[in-house]
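Asker: The structure's right below; bear with me while I get my questions together.
Quick note: the coordinates plus some simple rules give every number you see, no bench work behind them. All values derive from a computational prediction rather than experimental measurement. Backbone-built Cβ (ideal geometry, glycine too); neighbour counts: all protein chains shown.
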Amino acid sequence: MRLTFYTDYALRLLIYLALVDEEAGRRPTIAEVASYYGISRNHLTKVAHHLGRSGHIITLRGKGGGLRLGRPPEAIGLGELIRATEPDFAFLPCLAPVSEFCRIQSACGLIAPIQEAARAFFAVLDHYTLADVIKAKDRLRHLLASPAPPVPAHRAARQRTRGGAAEGEAGSKTAPARSAPPKPSRNKPRVERAHG
């Protein structure tokens, strides 16, 4: 099981906002948060829009605009947030809202334990809030105040191919296309022999 990048970005954005929200008048922007974490600004914009519509954050436009939490950290439950960002959360394709056909589904003994495990997963998350995640506020704020870590080369390359800006490319929308090197031929080179 793995949470999507969408949920990961939502959690990172909320953590960031929870740590700077208390500072007087400071409202981070999507570009600032994306740059700090080294993540795609385009993807983070979609996440911020979703979190704004759900009331988790408030987005303010214009001069002095930016982002802030829509509720106190104690009122943002992790289980509720992950349910909102993972609407078709299913451990198996046959458990998805629009399930795939499985020939053995009507007699399968795997469905009940998987559903029980999913309930247990969310039961644990339901006991935690954003406030629990940011308990180490001083340490987290120290990390936020430090320069953004360099984006590892493999992530920078992945961001370029997905249309996000890698470190040093904050203003670019897309990176130039790169052609792949030619694949080596599996055929042996043809050697002509002289007859004679």
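Asker: Quick one: which residues, 5 or more positions from GLY66 or on another chain, have an amide H under 5 Å from its amide H? H modelled 1.01 Å from N in the peptide plane, none for Pro or chain starts.
Answerer: Amide H to amide H, under 5 Å and 5 or more residues apart or across chains, GLY66 pairs with LEU60, ARG61.
Asker: What number results when the radius of gyration of segment 5-162, computed over Cα atoms, is divided by 2.2 N^0.38 Å?
Answerer: Taking N as the residue count of segment 5-162, the ratio is 1.23.
Asker: Here is a further query. Determine the gain in length on full extension of the stretch LYS137-GLU86; use 0.36 nm per residue of separation and subtract their C-alpha separation, reporting nm with one decimal.
Answerer: Taking 0.36 nm per residue and subtracting the Cα distance, the gain is 15.7 nm.
Asker: Continuing with this model, one more query. Among the chymotrypsin sites (Phe, Trp or Tyr not before Pro) within segment 83-145, which fall in a DSSP loop and have no more than 16 other Cβ atoms within 10 Å of their own Cβ?
Answerer: Hits after loop and neighbour filter: PHE91, PHE101, TYR128.
Asker: Starting from 0.36 nm per residue, how many nanometres of slack lie between THR4 and GLN115 once their C-alpha separation is accounted for?
Answerer: Using 0.36 nm per residue and subtracting the Cα-Cα distance, I get 38.0 nm.
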